[in-house]
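J.: Here it is, the structure, as structure tokens.
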Amino acid sequence: MRQNSTDQRILGYLGRALSLELSAVQTYSTQARLVATWGLDGPAERLREEAHEELQHVERIIARMLALGAAPNGSQLRPALVGGDLLSLLQADYVFELELVGLYRDAARHGERIASRDDRVFFGALLAEEQAHARELIEWIAALEQPVEPPTRRRALR
Ligand SMILES: [Fe+2]
Ligand SMILES: [Fe+2]
């Protein structure tokens, strides 16, 4: 099924990306369920949305592999990142997102080196989205680490 003209390293990047993105779906789905059991409905919803975004990445990678004539072969699912509180989950997620950023940066650069515009654009778009995920996690972590503001004083009722 594989086409000879397809760069083997591109297929390698796609296979690693598929494994990592499937792992991300598993992690965010697990964390959404976990924090829901802690009664954190807002964070649970946000983590469910993350899982959905990562699933869309999975679908894009599978589509790309099929277009290149390669059978999707993600084979190294990581264990879900779990922890005892929301902050530690998000810190682990941030490290994981940085791994995806590194992978897509390398893949996009390789696409550029082999003068493959399609690969550069494909991986470049995923790179930008994972960079955004990492930024959002940093902001979320910073918000959690901020001291809680004292409640605004209520006007005395007469
Ligand atoms: Fe992703
Ligand atoms: Fe992500």
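The values are calculated or read from the model by the stated rules, or taken from the named source; none is laboratory data. Model, not experiment: these values are computed from the prediction. Every residue, glycine among them, receives a Cβ derived from its backbone with ideal geometry; neighbour counts consider all protein chains shown. Ligands, DNA and RNA are excluded from the accessible area calculation, which covers all protein heavy atoms including side chains. Shrake-Rupley method; radii C 1.70, N 1.55, O 1.52, S 1.80 Å.
J.: Could you please tell me which pairs satisfy a Cβ distance under 6 Å, a separation of 6+ or placement on different chains, a first residue in region 10-29 that is of a type outside the set (Ser, Thr, Tyr), and a second residue that is more than 14 Å from ligand 2 (Cβ to nearest atom) and open to solvent by less than 20 Å² (accessible area, probe 1.4 Å)?
T.: From region 10-29, the pairs are Ile10/Asp119; Leu11/Ala70; Leu14/Met65.
J.: Kindly establish whether Arg155 is over 30 Å from Gly39 (Cβ atoms) and either modelled with pLDDT of 95 or more or within 12 Å of the chain's Cα centre (by Cα) (or both). Spell out how you get there, then give the answer.
T.: Details: over 30 Å from Gly39 (Cβ atoms): yes; either modelled with pLDDT of 95 or more or within 12 Å of the chain's Cα centre (by Cα) (or both): no.
No; evaluated as a whole, the condition is false for this residue.
J.: May I ask you to list pairs of residues, at least six apart or on different chains, whose Cβ atoms are under 8 Å apart, with the first in region 119-139 being within 12 Å of ligand 1 (Cβ to nearest atom) and the second being of a type in the set (Lys, Arg)?
T.: The qualifying pairs are Leu126/Arg60; Leu127/Arg105.
J.: Now for a different question. More than 30 Å from Leu34 (Cα to Cα) and either free of Cβ contacts under 8 Å to residues at least 40 places away in the same chain or within 14 Å of ligand 2 (Cβ to nearest atom) (or both): which single residue out of Ala63, Ala71 fits that description? Break it down stepwise before answering.
T.: On the way: Ala71 fails: either free of Cβ contacts under 8 Å to residues at least 40 places away in the same chain or within 14 Å of ligand 2 (Cβ to nearest atom) (or both).
Answer to the selection: Ala63.
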